[in-house]
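Have a look at the structure below, then the notes.
Nothing in this text is a laboratory measurement; each read-out follows from the coordinates by a stated rule. Not measured: the values here are computed from a predicted model. Neighbour counts run over all protein chains shown; Cβ positions are idealised from the backbone, glycine included.
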Amino acid sequence: MGLTIHYSLKAKGSEVNARNLVHALHQTAQDLPFEDVSEVVQLSGEQSDTDKRSQDDPSSWLLTHAGQSIEGEKQNDGWTPLYRVRPHHLIAFTTSPGQGCESASFGLCKYPPVIETRDGRMKTKLSGWCWSNFCKTEYASNPRCGGVTNFLRCHLSVIAVLDRAKQLGCLEEVDDEGGFWTKRDLPALVQEIGSLNELIAAFGGKLKDLAGTGPGQVEAAISEFPNFEQLEAQGQDKLPPKLQKLFSLIGRVAITPRDGLLFH
């Protein structure tokens, strides 16, 4: 939970074209105030097999996030399985926008047209070169990380790369939960992050109170803000009325997850 930018890229043509597009995005990222920008990684064949890479391998992380999901056949009980599609060719890089912000990766991948599943062979319907990713920028607004100034640097840096992707003709879709992508209204974005922080603090604080301490305690990232209690108080009137029914239900049911409830 938290303000996030979702985005997808798509391109046609040769490997050379895909590589040129990714390198153009990489150059743009290097010219922006990202905290860190990795080198462009290109993997194919066995190199793109995550099972043959250690978990701490940076390329393994990129491959994991490059995976796509497709729906299988609906089961008799109404459940629809999801199957993971691994890329067989990846050209991508990752960025660290700033403290408190999730990483944001950009690239293009080729996927197999067909995969084997327990439902049999399935078409992936993933053609050309494509990429889907997201970046949660919400917690870059933590005052300990630099507050709103840091949040804006992180959020706008990701938007700037997507602007470049649009110029290059390889941008497919953007869903900016802050509304900045479509409105380009900076004051509105600042107001949105402030309101969301208050809402999340109020919601997280209520869950923490209901769960109490011990094995079922709630761990909320927003509680790490030095002004958490102030945000929590200011967000009380932003909680939707229907949530009160949820809180009443939680209060009647024991929350006993083994490692507590992690609330982001």
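Here are some notes:
- Rounded to whole Hz, the Karplus (6.51, -1.76, 1.60) HN-Hα couplings of the range 37-44, x for glycine and proline: 10, 6, 6, 6, 9, 10, 9, 8
- Mean separation of Cα contacts under 8 Å (6+ apart) over length of the range 4-183, as relative contact order %: 31
- Radius of gyration and Dmax over the Cα atoms of the range 4-183, both given in Å: 17.2, 53
- Among residues other than Gln30 with Cβ under 13 Å from its Cβ, the summed charge is -3 (Lys and Arg +1, Asp and Glu -1).
- The Cβ shell under 10 Å around Glu102 holds other residues with a net charge of 0, Lys and Arg each +1, Asp and Glu each -1.
- In this structure, the pairs whose alpha-carbon distance is over 23 Å, taken from Lys110/Lys136; Lys125/Lys183; Lys10/Lys136; Lys10/Lys123, are Lys110/Lys136; Lys125/Lys183.
- Ranked for footprinting exposure by Cβ neighbours inside 10 Å, fewest first, Trp129, Trp79 give Trp79, Trp129.
- Taking the average, over residues, of other Cβ atoms within 10 Å as the packing measure, peptides 196-203, 179-186 rank 196-203, 179-186 from highest down.
- Ranking of Lys206, Lys166 by neighbouring Cβ atoms within 10 Å, starting from the fewest: Lys166, Lys206.
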